[in-house]
Protein chains: 2
Amino acid sequence: MDIDPTVTRAVLDAVDEQRIVALLSDLIAVPSLSGDETAGQQQVSELLAATGVDVTRWEIDVDALSHHDWYSAEVDRSAALGVLATYGADDGPALLLNGHVDVVPPGTPSDWTTPPFEPVVRDGRVHGRGACDMKGGLAAALHALEVLVALDVPLAGQVSLASVVGEEDGGCGTLALLDRGVRADGCIIMEPTALAVVPAVAGALSWRIRVRGLSAHGCLREEGVSAIEAFFGVHRAVIELERRRNAAVDDPLFDWLDRPFAICGGRIAGGDWPSSEADWLVWEGRYGVAPGEDLHAARGMFESAVAAAAADDPWLSTHPPTVEWWGGQFYPGRTSPDADIVSAVRSAATQVTGAAPPLRGMPYGCDLGLTTNLGGIPTVVFGPGDVRDAHRPDESVPIADLAVVARTIALTGLRFCGLAGGA
Amino acid sequence: MDIDPTVTRAVLDAVDEQRIVALLSDLIAVPSLSGDETAGQQQVSELLAATGVDVTRWEIDVDALSHHDWYSAEVDRSAALGVLATYGADDGPALLLNGHVDVVPPGTPSDWTTPPFEPVVRDGRVHGRGACDMKGGLAAALHALEVLVALDVPLAGQVSLASVVGEEDGGCGTLALLDRGVRADGCIIMEPTALAVVPAVAGALSWRIRVRGLSAHGCLREEGVSAIEAFFGVHRAVIELERRRNAAVDDPLFDWLDRPFAICGGRIAGGDWPSSEADWLVWEGRYGVAPGEDLHAARGMFESAVAAAAADDPWLSTHPPTVEWWGGQFYPGRTSPDADIVSAVRSAATQVTGAAPPLRGMPYGCDLGLTTNLGGIPTVVFGPGDVRDAHRPDESVPIADLAVVARTIALTGLRFCGLAGGA
């Protein structure tokens, strides 16, 4: 939709980089770790209410939600809030902005240059836990809404902003939102994409493999079976599966990655006694799955690879390892690159930055899997910062990205939702 | 020394299998886990005192002892008791009986048929934690002493019984005994040998290898380095070292074993996040060393094998794994098979059982490493039960073995220490 250039100009000009930095700093200063997001959600709902939009806040019935077919979570969550702000009318397409408030633990505090929950601006970046993943995107969207409201832009359709919990451990917050019936004609999730426009994301399924051994005193270890040695064949099979699956990828959106659907087993533990042969080993990780892939079939492929490795081993063939799917089960998802929301975000970003942003698939799982597959909402991920800076010490986001995202969202809001009376 | 056959007969006849079972059951019922052995030591000293022998009990200054060159331990031990009972005179060779009261943790209680600290007689065996390792041997020795005292046998030399702590985690109890100046002309340690006469034992050195990786989000794991994958080459090198060392063994005492000096790495842990590339891994185990082997050289051989594996790896060559020697450092030890104490135990056991017992080296480390190398005491290990039944659920010891050991020890006491006036 063509928008009066003066409105566009006013909106773009009203975006205030320093205001986003201030909002983001406030958000970082309230630690909203997975499972403990209530203070963070209260803060976001208060910031939204202060802009003058309508804000709905509700207690999520986590216990009831946990019976949903699409539910997954890794942390205990006794309480959870839903927050949804809306602005605009019902006479045009509805745009949903989705951001999560939960952050992953900061790890070892001494690995940080400055404390994780004390936001600092340094080298043109805001530093702190969640700066990149994804309070930066949330602050940018919040500010975009703030600008539209402050200018009293008469949107024909509705822009809403959902602040959700539980993205990092499986997406229960967005599930609760969809379960409540919230839908839209397009959705932007402000996860870090380094300003690429992302209509497709991988899925990520958390797994746990248990390998058994047979205990024996270390001095007579030939009478036992080392679960650590038995594990090697299982590991080899899993890595070979990763190679095979990634070699077969034929999706231009993922061409920019060597290994878009990685299998990463990042945690291992086995044995109770250094001087006894280990009689157990647990290996845990994530299994990248492609958009469009059937999850049941994908899980079966993984289980078969483990089973085939076991069948080749004298011990494991009679003591097969088990595969368990636990914790976060992130659905992959894809929106057609031709969908209106994708074009809207691309053209807005092009106008804001002066160059067409890359169109890419992302190798991580996020709430797009839920909004597209369960919600049926065409969704694009677009946000500030690089995912490489997430989930690590000294997490940070470039301030320049924050302003680009706020402007792109505000402009997308104007164009996607339109102005009342076609103004 | 020839002993009056009536005395011998009286001693052998006085050994009461049921009394040993009762003593052993009492000992099992007092859990004396490594680091928490005080109640167990009090119990043993009371049982000894009740026989009428002289008992010395003293507080071990653990802090002072911890500076001793030969000290090693794995558990915190704020208090520790030494217990030494003596019987006999100073006119003949002195025999020291050495038994440890500490037991390893029972593991998962549900893995036990009956509770670990509730002794039960079943199938001709006493069951419970410590039955085999080594309260069975301790009870048999205690009863042997009890019989000598009850019969008022006039020994020319002294038989003493040391009940020690800390054997399982490095031998600090026997170290305290030797540090106190206790010596003898011969020593029997009643560890489980399945009634073999054992003049040599392997050493066992506890090690910890740390492997570093480089963390990365699991979805972009090619930007990190998996400490788990880096570990494989280190593991291969260690197992190859084990093969090479054992292939070179040329000691008839250890012929009965395929792999007398095993390297067993029984505990592993790595990575904090299943969906991030693991940036650390710790592998812990024990390194079997041969009697007579220089420990410094042996450690160097192990460290070199790890270093050589690292040198072959692009990542590890610049981020080398570290090797740490921690916890129990069990010295190997050997007494000449021709030593008086070896002959005395062999001939006594032959008389008791009617057949010559096998002469063997044992693949486990025990306090013989301290009594021989540091104490200079010719030592033999001889005890009831099979080490395969130790350190596991449903630990047990054959009752028949208990009586054989009590009789063999009593008879060895008569012959090794002699009778006053050559009676």
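The values are calculated or read from the model by the stated rules, or taken from the named source; none is laboratory data. Note that the coordinates shown come from a computational prediction; the quantities given were computed from them, not determined experimentally. All Cβ positions, even for glycine, are placed from backbone atoms using ideal geometry, and neighbour counts span all protein chains on display. Only protein heavy atoms, including side chains, enter the accessible area calculation; ligands, DNA and RNA are left aside. Shrake-Rupley method; radii C 1.70, N 1.55, O 1.52, S 1.80 Å.
So if I average 1/r over every pair of distinct C-alpha atoms in the stretch A:71-124 and take the inverse, what Kirkwood radius in Å does that give? If you can, show how the numbers build up before the last one.
Working: mean 1/r = 0.0622 Å⁻¹.
For the stretch A:71-124, inverting the mean 1/r across all distinct Cα pairs yields 16.1 Å.
Tell me the net charge near B:Glu222. Cut-off is 10 Å between Cβ atoms, B:Glu222 excluded, with +1 for each Lys or Arg and -1 for each Asp or Glu.
-1
Give the carbon-plus-sulfur fraction of the accessible surface of chain A in %, rounded to a whole number; probe 1.4 Å, heavy atoms of protein chains only.
Carbon and sulfur: 49 percent of the exposed surface of chain A.
Using θ = phi - 60° and the Karplus curve 6.51 cos²θ - 1.76 cosθ + 1.60, what whole-Hz ³J(HN,Hα) does each residue of the stretch A:295-305 get, with Gly and Pro shown as x?
5, 4, 5, 5, 4, x, 5, 5, 4, 5, 4
From the alpha carbon gyration tensor of the stretch B:320-419, can you work out the equivalent ellipsoid semi-axes (sqrt of 5 times each eigenvalue) and give them in Å, largest to smallest?
29, 20, 11
5 Å is the cut-off here: which amide hydrogens, built 1.01 Å from N in the peptide plane, fall below it relative to B:Ser226, excluding neighbours closer than 5 in sequence?
Answer set, sorted by chain and number: B:Leu214.
Over chain B, give the accessible area per residue in Å² for a 1.4 Å probe, as an integer.
That works out to 36 Å² per residue.
For the residue pair B:Ala89 and B:Thr108, what label-to-label distance in nm results when each label sits 7 Å from Cα along the Cα-to-beta-carbon direction?
Going from the B:Ala89 label point to the B:Thr108 one covers 5.9 nm.
With a 1.4 Å probe, how much accessible area is buried between chains A and B, both sides summed, in Å² to the nearest hundred?
Chain pair A/B: roughly 3900 Å² of buried accessible area.
Please report, in cubic angstrom per residue, the volume enclosed by the convex hull of the alpha-carbon atoms of the stretch B:56-95.
Enclosed volume per residue, from the Cα hull, is 116 Å³.
Helix A:38-51 versus the longest principal axis of chain A: what angle, 0 to 90°, nearest 10, using Cα atoms?
The answer is roughly 20 degrees.
Output the relative contact order of the stretch A:102-143, whole-number percent, from Cα pairs under 8 angstrom with separation of 6+ residues.
Relative contact order, the stretch A:102-143: 34 percent.
How big is Rg to Rh over chain B, alpha-carbon atoms, Rh as the Kirkwood inverse-mean-distance radius? Mind dumping the intermediate values first?
Numbers: Rg = 23.2 Å, Rh = 22.5 Å.
Across chain B, the Cα-based Rg/Rh ratio is 1.03.
How much net charge surrounds A:Asp111 when only the other residues with a Cβ under 10 Å from the Cβ of A:Asp111 are counted, with Lys and Arg +1 and Asp and Glu -1?
0
Leaving ligands and nucleic acids out of the surface, order B:Trp58, A:Trp325 by accessible area at 1.4 Å, largest first.
A:Trp325, B:Trp58
Could you pull out every residue, at least 5 positions away or on a different chain, whose amide H is within less than 5 Å of the one on B:Gly327? Hs are placed 1.01 Å off N in the peptide plane, and Pro or chain starts have none.
Under 5 Å from the amide H of B:Gly327 lie the amide H atoms of B:Ala73, each far enough along the sequence or on another chain.
Measuring from label point to label point, each 7 Å out along Cα→Cβ, what is the B:Asp13 to A:Gln18 span in nm?
The modelled label-to-label distance comes out at 10.8 nm.
Considering only chain A, pick the residue with its Cβ nearest the axis of the rotation onto chain B, and state the distance in whole Å.
Output: A:Ala269, 2.
What are the residues of the stretch A:218-234 that lose 20 Å² or more of accessible area, with a 1.4 Å probe, going from their chain alone to all protein chains?
Buried by the other chains: A:Gly218, A:Cys219, A:Leu220, A:Arg221, A:Glu222, A:Glu223, A:Ile228, A:Glu229, A:Phe232.
Between A:Arg243 and A:Ser317, 0.36 nm times their residue separation minus their Cα-Cα distance comes to what?
Stretched out fully, the A:Arg243 to A:Ser317 stretch lengthens by 24.2 nm.
Between B:His296 and A:Asp76, how many nm apart are label points set 7 Å from Cα along the C-beta direction?
5.3
Just the number, please: Stokes-Einstein D of the protein assembly as shown in µm²/s, Kirkwood Rh from C-alpha pairs, 10 °C, 1.306 mPa s.
It diffuses with D of about 51 µm²/s by this estimate.
Near the amide H of A:Ala262, under 5 Å away, which other amide H atoms are found, from residues 5 or more places off or on another chain, if H is placed in the peptide plane?
HN-HN under 5 Å from A:Ala262: A:Gly288.
So what's the angle, to the nearest 10 degrees on a 0 to 90 scale, between helix A:5-14 and the longest Cα principal axis of chain A?
Between helix and principal axis, roughly 60 degrees.
Can you tell me the orientation of helix A:227-247 relative to chain A, as the angle in degrees between its alpha-carbon axis and the longest Cα principal axis, to the nearest 10?
40
Identify, among B:Pro260, B:Val306, B:Val289, the residue whose Cα sits farthest towards the positive end of the charge dipole of the stretch B:241-371, taking +1 on the Cβ of Lys and Arg and -1 on the Cβ of Asp and Glu, with the dipole about the Cα centre.
Positive-most Cα among the choices belongs to B:Pro260.
Computed over the Cα atoms, what is the radius of gyration of the stretch B:11-156 divided by 2.2 N^0.38 Å, N being its residue count?
In units of the 2.2 N^0.38 Å rule of thumb, it is 1.14.
Under a Cβ-Cβ cut-off of 9 Å, what is the net charge of the residues other than B:Gly288 that fall near it, where Lys and Arg count +1 and Asp and Glu count -1?
Working: positive: B:Arg245, B:Arg259, B:Arg286; negative: B:Glu242.
Residues near B:Gly288 contribute +2 overall.
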